[in-house]
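Beneath this line is the structure, given in structure tokens, with notes to follow.
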């Protein structure tokens, strides 16, 4: 028998058949192991790329939620007696249809009469903001603002600092304001 070759005998058959050389089996095992390692590396790389993209998408959505909340807060928390209708429309552009309707009613019944009577102007400046939570298509953002009020009832402008919690809803690919509450 030559070196590296084994003989196998089959049941019921006394003739010896040369089997695969020992070196050939080692080579086959190495190829199988190499193929398995390549599959593991490719699979792991694919998973990591997917996970990184998913994390990147989460970060992007969080950033978008905060950006929309900040811009919306400035629009929603301000008004000028001389252009109330335009201010309400600018504010409702950031809102879900249901919240926009609530806001219009509030502006009509409360803000308009008082702002007109006292020639009030309220401006809002963002101080700080941060995401409180984000869960699927819902987000809550905390906002800290300074509001300056000017009116015929005040001798000088008054600055108030306040915090609000804004609820956002992911609607048709954008964040819309679904509610806002003072804290």
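7 Å from Cα along Cα→Cβ at both residue 89 and residue 28: what's the point-to-point distance in nm? Each label point is offset 7 Å from its Cα along the Cβ direction, giving 8.0 nm. Averaging the Cα positions of each part gives two centres, and for the stretch 25-45 and the stretch 126-183 these lie 56 Å apart. Return the inverse of the average 1/r over all pairs of distinct C-alpha atoms in the stretch 44-182, which is the Kirkwood hydrodynamic radius, in Å to one decimal. So the Kirkwood estimate lands at 16.3 Å.
Bear in mind that the values in this text are calculations on the coordinates, not laboratory data. Since the model is a prediction, treat every value here as computed from it, not as a measurement. Here the Cβ is made from the backbone with ideal geometry for all residues, glycine too, and neighbour counts use every protein chain on show.
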